[in-house]
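Please treat every number below as a calculation from the coordinates, not as lab data. Predicted model only: the values in this text are computed from it and were never measured. Quick reminder, even Gly has a Cβ in these numbers, built from the backbone with ideal geometry, and neighbours come from all protein chains shown.
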Amino acid sequence: DGYNVCLFSYGQTGSGKTHTMQGCGNADMRGIIPRAVELILDSLKGRSGWDFTLEASFLEIYNEELKDLLVAVPNTPWDSASTNNSTDGSDSRKALKNTNDKNKLSIKKNTDGRTYVKHLRHVPIDTTNATSGMATLENVMTCAARSRSVAFTHMNATSSRSHSVFSLHIRGTNLENGLVARGTLNLCDLAGSERLDRSNHDLSTPEGMARLKETQSINKSLSTLGDVFGALSAGSSHVPYRNSKLTYLLQDCLGGDGKALMFVNLSPTVESSFESLCSLRFAQRVNQVELGRATRDVSQGSSSGGGTTATSASPS
C-alpha cells in the first residue's frame, strides 16, 4: 500500500527478543519475520493489475559499526556471482575480507531524502511462488544467524552483542496508470540492555574487555534511543539522531510519517525485576510519542534511487 513500518523488540538480555523476531522451526514457534513475510506474500496474490518486487536485507550494528549479515558466509545460495568463487576456505575468506574493506557500509541519503545503506546487499524474494520465496527467506535468516555477533555472558549464554535490522523492501507498480508505491518493513531486534554488576566480566582478560566494550556500546545506543524518544515526546527542535548509528539509520522511521510498534520483552526471573521495571518505564516513554497520521509513499513512475528503499515510520 506504500506505507513504511518499523517494529522493535526491546528488553534486557535473555528476555527473548531474538526469539520474538526470528523464532525457530516452521510451526507455531516461528517468529515475526517469517510470519510477516508469509502474510505479505499471501496478500500479493489478490492484487490484480499490480507488479510487485520484494527484496530482503539484514544488517547488524556492532560497536557502532554496520555489518552486512548476508555477505559474511561464503557461497550463499542466492549469489552465484559471490565475491568468493573458489572452494578453498582461506581464499574465500581473504576475498570476502578485501571486498568488505572496499565496500564498507555507510548510511546515506538519496536525492529524494530517503535513508539507505550504501553497499548493503539486497536478496530478491520470489513473489510469484510463495514456497520459493519463503525458502529464500529461510536461507537469508540462516545466513544472518550464523553471521551475527553473539557471546556468552553471565546473564545469557547466547547473548546478542549487536542490534539487528531485517528489512523487506517492497515496490509495487500499477500496470494501468504507472503509479509506483514503495514501502519498507523494518524488523529490529535490539541488543539487550544489561548492568555491568550482573554481567561479571573478567576485565583481566581480552575477552572480558571485549564484552565490556560491547556492553558499553549497547547501553549507550539504547540510551540515545531513549533520548530520541524523549526529544520527540517533548516536541524539541533538536532530536539527537546522529548520536548513534541505530537512531541515525532509523531516523526516517522515528521522525517520519509511517507506522511503528515496539514489543517489550520481560524476563520472568525475580533477579531481573529491576531490569523489567526499567523496560516498562522505557515503554511508557515510547507510548507518549505521537507524530501524526501515516502517509503513503506513492509516485508517478519515479525510481527508488540509492539502491535501497528508505525506512520511514513513526511511533504510535
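Run the simple label-point estimate for Asn219 and Cys24 please: 7 Å along Cα→C-beta, distance reported in nm.
Label at Asn219, label at Cys24, 3.0 nm between them.
Taking amide H atoms as placed 1.01 Å from N in the peptide plane, list the residues 5 or more away in sequence, or in a different chain, whose amide H sits under 5 Å from that of Leu179.
Asn174
Shape of the stretch 227-272 from its Cα gyration tensor (a ≥ b ≥ c, root eigenvalues): rounded if a/c is under 1.5, otherwise prolate when a/b > b/c, or oblate?
prolate
Taking 0.36 nm per residue of separation and subtracting the Cα-Cα distance, what length does fully extending Ile107 through Ser273 add?
56.1 nm
Which FRET efficiency value, to the nearest 0.05, is calculated for Ala234 and Ala145 with the Förster distance at 30 angstrom and r the Cβ-Cβ distance?
Using R0 = 30 Å, I get an efficiency of 0.20.
Of Lys118/Lys220; Lys45/Lys109; Lys45/Lys245; Lys45/Lys67; Lys17/Lys109; Lys104/Lys220, which sit over 27 Å apart, Cα to Cα?
Going by Cα-Cα distance, Lys45/Lys109; Lys45/Lys245; Lys45/Lys67; Lys17/Lys109 fall outside the 27 Å limit.
Can you grab the distance from the C-alpha centre of the stretch 263-284 to the C-alpha centre of the stretch 204-234, Å, no decimals?
The distance from the Cα centre of the stretch 263-284 to that of the stretch 204-234 comes to 17 Å.
Rounded to the nearest 0.05, what FRET efficiency is calculated for Gln288 and Glu138 with R0 set to 45 Å and r the Cβ-Cβ distance?
Numbers: r = 38 Å, r/R0 = 0.85.
Once rounded, the FRET efficiency stands at 0.75.
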